[in-house]
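Peer 1: Questions regarding the structure given below will be posed in turn.
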Amino acid sequence: MKKIQLGTSDLHVTPVCLGTMTFGEQVNEADSHTILDRALERGINFLDAAEMYSVPPRAETFGHTETILGNWFAKNPAARQQWVVATKVAGPMRGMGWIRHGSADLTAEEIEGACNDSLKRLQIDTIDLYQIHWPVRHVPAFGVLYFDPTKDNPALASIHAQLQAMATLVKAGKVRAIGLSNETPFGVHEFVRLAEQHGLPRIATVQNPYCLINRTVENGLDETMHRLKVSLLGYSPLGFGLLTGKYDEPGIDGAGSPKEGRMAKYESMRKQRWGRTESLTAARRYNALARANGMSPTQFALAFCYTKWQVASTIIGVTSVAQLDEDLDAYGTTLSPEVLAEIDKIRWELRDPAL
C-alpha cells in the first residue's frame, strides 16, 4: 500500500489503519498480539487506540487496550519504529466517573495528565498522533441531530487552551502530531485558525465515522478538511458490523444475529446510533446491493471507504486474524460508476440513519 501523508505533518501511514478498541474486551491479550503480528506482516503501519478503550467502556477495562499494546511493544521493541501509534484523550466524562472522576471538562492539566498515563500504558516515549476524542463544546454527534446553543458553557476549556496543552506535549517530545475526533466543520476551522494565529501545532487529522450508513462527513466537513489540508481517518466503515451481513435476516446468506457480534452481545451498543432499526434497514439494503453485484457485504462496504477521495486512512476493527485478512484482502476492490449511483439512490432515500 502506498503511504499517505497525514495533513501537513511528517506522518506517513498506510491507507488502512488497525483499530484496537476490541482489544481487552472481545479479544484477549494473546489474540490481540497475534493480530498485531499479522497486521505488521501484511504491511500495515498505523494503529489507533484511546485511553477509554476497551469498548463498550467500563471501569474494569479502562486503559486495557493501551496496556495490551504496551506489552506487545515491550516484547517487540524493534517493531515500535515500524508503527505510527495514535491514541486519544477522552472528552468530558459525564456518565463515566472512572475517568478523571467524571470531569465535565477537558482542561490543559487533564490533557497533559492523560497523555502521561497513556505513555506509561503504551510503554513508549512518544505518541505519534494524539487526538481529542470528542469536543468539550456541545456538538451534534453520537446520535445528537442538532446543535443547541443553549447548552454552550463558556466556563469550559477553550480550543485555544487545548491547543496550548498540545503544544506543551509536542515541545516536550511526548507527541509528534495532533488530531481531533467526532468534530464539526466549525471545530476544524477554529483549531486551524487559532493554531496559525498563535503559532501552535496544527491539527493533522480528524477521526469521524464514515460508512455507507453514515456519510455525514460529506455534508460539508469534507470540503473543510480538503481546503484546510486536514486528513480524514474514517472509523466504523462496517457500521459496527451491520455492513458485514451478519445481522441480516436468516435465509439471505445463512446468517443470523451472531452471539459474539457486538450488537448482539452488548445491550449498550444496541441503544446507540448503530442499533437503530433505521440503521439496520439501510444496512440490509446495501448488503443486498453488494450480493447482487457479486461481492460480500464486507468487501463492498470497505471498497466504498477505501476508494473515496475524502478518506486518508480507513480504521478497521477486528476480533480475529481471519477478519483482519478479509478486510485487507478487500483493499484494491473498486466499485463501478453504476454501482456508486445505486448507492447514492439508497442514501437519497434513507439518508444517514447512523449519524
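Just so you know, all these numbers are worked out from the coordinates, no wet-lab data involved. No experiment lies behind these values; they were computed from the predicted model shown. Quick reminder, even Gly has a Cβ in these numbers, built from the backbone with ideal geometry, and neighbours come from all protein chains shown.
Peer 1: Exposure proxy check: Asp117, Asp352, Asp125 ranked by fewest other beta carbons within 10 Å?
Peer 2: Going from least to most buried by this count: Asp125, Asp117, Asp352.
Peer 1: Using a simple spin-label model with points 7 Å from Cα along the Cα→Cβ vector, what separation in nm is obtained for Glu338 and Arg80?
Peer 2: Rounded to a tenth, the inter-label distance reads 5.3 nm.
Peer 1: Also, I was wondering about something else. Output wanted: per-residue J couplings in Hz (rounded whole) for region 221-233, from phi through Karplus 6.51 cos²θ - 1.76 cosθ + 1.60, θ = phi - 60°, x for Gly and Pro.
Peer 2: 5, 4, 5, 4, 5, 4, 6, 9, 6, 10, 8, 8, 9
Peer 1: Please go through the residue pairs Lys88/Lys174; Lys2/Lys308; Lys3/Lys120; Lys229/Lys308; Lys2/Lys88; Lys2/Lys171 and name each one whose alpha carbons sit more than 22 Å apart in this structure.
Peer 2: Working: Lys88/Lys174 13 Å; Lys2/Lys308 15 Å; Lys3/Lys120 28 Å; Lys229/Lys308 16 Å; Lys2/Lys88 25 Å; Lys2/Lys171 30 Å.
Pairs exceeding 22 Å: Lys3/Lys120; Lys2/Lys88; Lys2/Lys171.
Peer 1: In degrees from 0 to 90, rounded to the nearest 10, what is the angle of the helix 159-171 Cα long axis to the longest principal axis of the chain?
Peer 2: For 159-171 against the chain, the angle is about 80 degrees.
Peer 1: From the square roots a ≥ b ≥ c of the eigenvalues of the alpha-carbon gyration tensor of region 142-213, which class results: rounded (a/c under 1.5), prolate (a/b over b/c), or oblate?
Peer 2: Oblate, since a/c reaches 1.5 and b/c is not below a/b.
Peer 1: Rounded, prolate or oblate, given the Cα gyration tensor of region 3-53, with a/c below 1.5 counting as rounded?
Peer 2: Here region 3-53 falls in the oblate category.
Peer 1: Taking the alpha-carbon centroid of each part, what is the distance from region 293-317 to region 198-228 in angstrom?
Peer 2: Centre-to-centre (Cα) distance: 18 Å.
Peer 1: How far is helix 337-350 tilted, in degrees, relative to the longest principal axis of the Cα atoms in the chain, given as a value from 0 to 90 rounded to the nearest 10?
Peer 2: In the chain, helix 337-350 runs at an angle near 80 degrees to the longest axis.
Peer 1: Magnitude of the Cβ-charge dipole of region 1-53, K/R +1 and D/E -1, about the Cα centre, nearest 20 debye?
Peer 2: It comes to approximately 380 debye.
Peer 1: Comparing Ala292, Ala49, Ala157, which has the greatest mean-square fluctuation in the GNM of the chain with Cα pairs linked when under 10 Å apart?
Peer 2: Highest fluctuation of the listed residues: Ala292.
Peer 1: A follow-up question, please. Charges only on Cβ, +1 for Lys and Arg, -1 for Asp and Glu: so what's the dipole of the chain about the Cα centre, in debye to the nearest 20?
Peer 2: Value, rounded to 20: 200 debye.
Peer 1: Do you know the relative contact order of the chain, to the nearest whole percent, from alpha carbon pairs under 8 angstrom that are 6+ apart?
Peer 2: 17 percent
Peer 1: Moving on to the next point. Only counting other Cβ atoms within 10 Å, I'd like Phe62, Phe186, Phe191, Phe304 sorted with the fewest neighbours first.
Peer 2: Phe186, Phe62, Phe304, Phe191
Peer 1: Measure nothing fancy, just the Cα-based angle from helix 185-198's long axis to the longest principal axis of the chain, in degrees from 0 to 90, nearest 10.
Peer 2: In the chain, helix 185-198 runs at an angle near 30 degrees to the longest axis.
Peer 1: Sorting check: for 64-71, 192-199, 165-172, which peptide has the highest mean count of neighbouring beta carbons within 10 Å, and how do the rest follow? List each step's numbers first, then the result.
Peer 2: On the way: 64-71: 22.8, 192-199: 13.5, 165-172: 18.6.
Answer by packing, highest mean first, reads 64-71, 165-172, 192-199.
Peer 1: What value in Å³ per residue do you get for the convex hull of the alpha-carbon atoms in region 80-166?
Peer 2: Taking only Cα atoms, region 80-166 has a hull volume of 114 Å³ per residue.
Peer 1: Mind listing the long-range amide H neighbours of Cys17? Cut-off is under 5 Å, sequence gap 5 or more, other chains count too, H placed in the peptide plane at 1.01 Å from N.
Peer 2: Placed amide hydrogens put Thr314, Ile315, Ile316 under 5 Å from Cys17.
Peer 1: In percent, what relative contact order does region 40-175 have, based on Cα pairs under 8 Å that are 6 or more apart in sequence?
Peer 2: Relative contact order for region 40-175 comes out at 25 percent.
Peer 1: Please list, by residue number, every one of the trypsin sites (Lys or Arg not before Pro) in region 41-112 that is coil in DSSP and has at most 10 other beta-carbon atoms within 10 Å. Present the calculation step by step, with values, prior to reporting the outcome.
Peer 2: Details: sites: Arg42, Arg58, Lys75, Arg80, Lys88, Arg94, Arg100; in loops: Arg42, Arg58, Arg94.
Those that pass, being in a loop and sparsely packed, are Arg94.
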